[in-house]
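Participant: Pasting a structure here, questions to come.
The values are calculated or read from the model by the stated rules, or taken from the named source; none is laboratory data. As the structure is a computational prediction, the values presented were derived from the model and not from experiment. Positions of Cβ are generated from backbone atoms using ideal geometry, with glycine treated the same way; all protein chains shown enter the neighbour counts. Surface areas here come from the heavy atoms of the whole protein model, side chains and all, with no ligands, DNA or RNA. Shrake-Rupley method; radii C 1.70, N 1.55, O 1.52, S 1.80 Å.
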Amino acid sequence: MGMKIKLEILENGDEIVGFSEGRLAVKKSNGELEIFSLSFDENNIPRVHERSVLVTFKSGSAKKVSVVDDDGDFEIGSF
């Protein structure tokens, strides 16, 4: 008998748009794209990494890359 792995990461309106080499791309209902990294531990148990990459809309005329914690307490950016 096979085993199914269930990942509960989608919110209402989200859509899986790609999966490749341990990365799962989720299109959010607001148009943003979130990329999750997956790996399997030594017992073949799947792990979703705590950090994800969120591709979102520009807030100004320049492109920006930043790292923000979940609470929004700090942000590190490059412009």
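Participant: Take the residues in segment 51-79 that are among the polar types (S, T, N, Q) and open to solvent by 90 Å² or more (accessible area, probe 1.4 Å); name whichever of them is modelled with the lowest pLDDT.
Facilitator: Residue satisfying both the conditions and the ranking: SER61.
Participant: Only one of (1) under 23 Å from GLY2 (Cα atoms); (2) open to solvent by 90 Å² or more (accessible area, probe 1.4 Å) is not met by VAL48, so which one is it?
Facilitator: For VAL48, the failing item is (2).
Participant: Give GLU15, GLU42, GLU21, GLU8 a once-over and let me know the one that is acidic (Asp, Glu) and at pLDDT 95 or above.
Facilitator: Result of the check over GLU15, GLU42, GLU21, GLU8: GLU15.
Participant: In segment 22-33, what count of residues is obtained for those that are in a loop (DSSP other than H, G, I, E, B), at negative phi and in contact with a strand residue (DSSP E or B) (Cβ under 9 Å, 6 or more places away or on another chain)?
Facilitator: Of the residues in segment 22-33, 3 are in a loop (DSSP other than H, G, I, E, B), at negative phi and in contact with a strand residue (DSSP E or B) (Cβ under 9 Å, 6 or more places away or on another chain).
Participant: Going through PHE19, PHE36, PHE57 one at a time, which residue ends up being assigned to a loop (DSSP other than H, G, I, E, B), of a type in the set (Phe, Trp, Tyr) and either without any contact (Cβ under 8 Å) to a residue 60 or more places away in the chain or farther than 17 Å from ASP70 by Cβ (or both)?
Facilitator: The conditions single out PHE57.
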